[in-house]
Amino acid sequence: MTEETKTWTYDQLKHSTVAELREIAKGIEHEALQGYTQLNKDHLITALCKALKIDAHVHHEARGIDKAHFKKKLKARKAGVLSREAPRRALRACCAAHALHDGLSDLTYVLLPLLAQTFGLSLAQVGMIRAAHRTAMAAFQIPAGLLAERFGERNLLAAGTFIAGAAFTALGLASGFWMILVALFFAGVGSAVQHPLCSTIISNAYPEAGRRAALGTYNLFGDVGKFAFGGLLSLLLMADWSWQSPVAAYGIAGMLIAGTTFFWIAPRAAPAAAPAENSTAWRGGWGIRNRRGFTALCLIEIVDSSTRVGFLTLVGFLMIDKGLPTGWAALSVPLILVGGMAGKFACGLLAERLGIIRSIVITEIATGAGILGVVALPGITGFLLLPLLGIVLQGTSSVLYATTGDLVEQERLPRAFGLIYTLGSVCGIAAPLGYGLAGDHFGVSGAIALMGFAIFLTLPLSAMLRPAIGAEPVRI
């Protein structure tokens, strides 16, 4: 059978290669196939159809568009883009909230002398104002976590941020001691929601890879807010501005950020059904997967926070004892905080690479060695060591907070973070008192050396934590 007498269809020609088409044309004598070896596939098919009298219009059969299928694909594509963008938007919103709340909280250090001067307050009244703010922050963190499980982290975070902003707006309009006291109390209540709820939102947005780096970034922005808010107010005061207008403006900015937070963070999905009553993952209603591991984490947080706050309280006195001028000694804490800004981000990345346990061991050993080094070294050498010490002194917190999500069920993260941050707040109150008493008995150097040795207690606690975390691969 010759190619000319063999029956061909358009679909067969269409799915043949150029070489196969030329082989077919080779056995056919027709004017349409003159110079067939130079034709491309489309022209060759057209020529063959003409030579073999094949209907070449079959391929023009109209096909309707499956609109439902098209919309489904488009919706799936948009959902994929939104699902990738949602964690980034949540992280940006939480970073903004952290910068705002920490900036407003530490603004009180700058404001207290101004409030005392403006309204003729006694030192006891100044202490009451500061205590009202800090006590409200410490006392409402666990209740904030419990309420968030019912009303949603996003909703409560936005409400708390609005309350804090409104309180500072009222502070800028305050007319006396009692109004200041009430305003700062409610500012503390509003700010109490931020740490546990933002940490929960980020942990849920980054349930696996990237969580520690994300929380490290979040922690970094807290220090950015402290420097930015306090620094800007100090510059405005140097330019002969009154303190009232900037404080009220900060409050208005807080209320605007509350709205941004609400719209940027996706609402929490409905929680999964609770496990059976006999499940060990929900012991005591706290959703703790491993009680021994969570206890170890809390104890590490207590030792780490006590050391950090105690060292920041006494390091200036240590520098003065070593003969540095008072002005230089006053720069000790800012130098540590500058190093801490880098450390909070860097330690989050370190935990992503090396794992939790290795990161805790490395940073805590470096912290202890650094503190003892500052005590042992001459004044100026120890002073220059402070930024490097700040990296690990401040940075370990990023690793610890990120570990909470590994030990607690997702639905119970708000209350767990509330507990962790409350422990840190209590240590912030108790550690300066305890190490201050030690300094009265053993001297400033002795008290700080005690901190340097105490931090090594985290090493056996890390060994206690390890089984709860499991084996961790090193990512290089």
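The values are calculated or read from the model by the stated rules, or taken from the named source; none is laboratory data. Small disclaimer: the values here were computed from a predicted structure and weren't measured. Cβ placement follows ideal geometry from the backbone for every residue including glycine, while neighbour counts extend to all protein chains displayed. Just the protein is used for accessible areas: all its heavy atoms, side chains included, with ligands, DNA and RNA removed. Shrake-Rupley method; radii C 1.70, N 1.55, O 1.52, S 1.80 Å.
Could you pull out every one of the helices (runs of 4 or more DSSP H) wholly within the range 110-187 that has 2 or more residues that are farther than 21 Å from PHE262 by Cα and touching a helix residue (DSSP H, G or I) at 6+ places or on another chain (Cβ under 6 Å)?
Where helices (runs of 4 or more DSSP H) fall fully within the range 110-187 and carry at least 2 residues being farther than 21 Å from PHE262 by Cα and touching a helix residue (DSSP H, G or I) at 6+ places or on another chain (Cβ under 6 Å), they are 123-139, 153-172.
Would you check if GLU20 is at pLDDT below 80, open to solvent by 90 Å² or more (accessible area, probe 1.4 Å) and either touching a strand residue (DSSP E or B) at 6+ places or on another chain (Cβ under 9 Å) or not in a helix (DSSP H, G or I) (or both)? Full working, then the answer.
Numbers: at pLDDT below 80: yes; open to solvent by 90 Å² or more (accessible area, probe 1.4 Å): yes; either touching a strand residue (DSSP E or B) at 6+ places or on another chain (Cβ under 9 Å) or not in a helix (DSSP H, G or I) (or both): no.
Against the criterion (at pLDDT below 80, open to solvent by 90 Å² or more (accessible area, probe 1.4 Å) and either touching a strand residue (DSSP E or B) at 6+ places or on another chain (Cβ under 9 Å) or not in a helix (DSSP H, G or I) (or both)), GLU20 does not qualify.
For the range 223-247, give me each residue that is under 15 Å from THR108 (Cβ atoms), over 23 Å from the mean Cα position of the chain (by Cα) and either hydroxyl-bearing (Ser, Thr, Tyr) or crowded, with 17+ Cβ neighbours inside 10 Å (or both).
Result: LEU233, SER234, TRP243, PRO246, VAL247.
I'd like to verify a number: residues in the range 330-355 that are open to solvent by less than 50 Å² (accessible area, probe 1.4 Å), more than 14 Å from the chain's Cα centre (by Cα) and over 17 Å from GLY390 (Cβ atoms), how many?
2
A quick yes/no check of all residues on (1) within 24 Å of GLY370 (Cα to Cα); (2) of a type outside the set (S, T, N, Q); (3) crowded, with 23+ Cβ neighbours inside 10 Å:
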residue	(1), (2), (3)
LEU386	yes, yes, yes
VAL399	yes, yes, yes
GLU409	no, yes, no
CYS427	yes, yes, no
LEU457	yes, yes, no
ALA468	no, yes, no
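Tell me, yes or no, whether the range 68-90 has at least one residue that is under 25 Å from GLY231 (Cα atoms) and modelled with pLDDT of 80 or more.
no
Could you tell me whether the range 170-178 includes any residue that is aliphatic (A, V, I, L, M), buried (at least 24 other Cβ atoms within 10 Å of the Cβ) and at pLDDT below 90?
No, the conditions are met nowhere in the range 170-178.
Would you list the helices (runs of 4 or more DSSP H) that sit entirely within the range 361-476 and hold 2 or more residues that are under 18 Å from the mean Cα position of the chain (by Cα)?
Answer list for the range 361-476: 379-407, 413-454.
The conditions are (1) under 21 Å from ALA93 (Cβ atoms); (2) surrounded by fewer than 20 Cβ atoms within 10 Å (Cβ to Cβ), and ALA192 fails exactly one of them. Which is it?
Every condition holds for ALA192 apart from (2).
Any residue in the range 36-57 that is over 10 Å from TYR10 (Cβ atoms) sitting within a Cβ distance under 8 Å of a residue that is at pLDDT 75 or above and of a type in the set (Lys, Arg)? List the pairs, counting only those 6 or more apart or interchain.
These pairs meet every condition: TYR36/ARG22; TYR36/LYS26; THR37/ARG22; LEU44/ARG22.
May I ask you to say which residue of LEU156, LEU220 is under 14 Å from LEU100 (Cα atoms) and open to solvent by 30 Å² or more (accessible area, probe 1.4 Å)?
LEU220
So is ARG358 part of a helix (DSSP H, G or I), buried (at least 22 other Cβ atoms within 10 Å of the Cβ) and of a type in the set (D, E, K, R) or not?
When the stated conditions are applied, ARG358 does not pass them.
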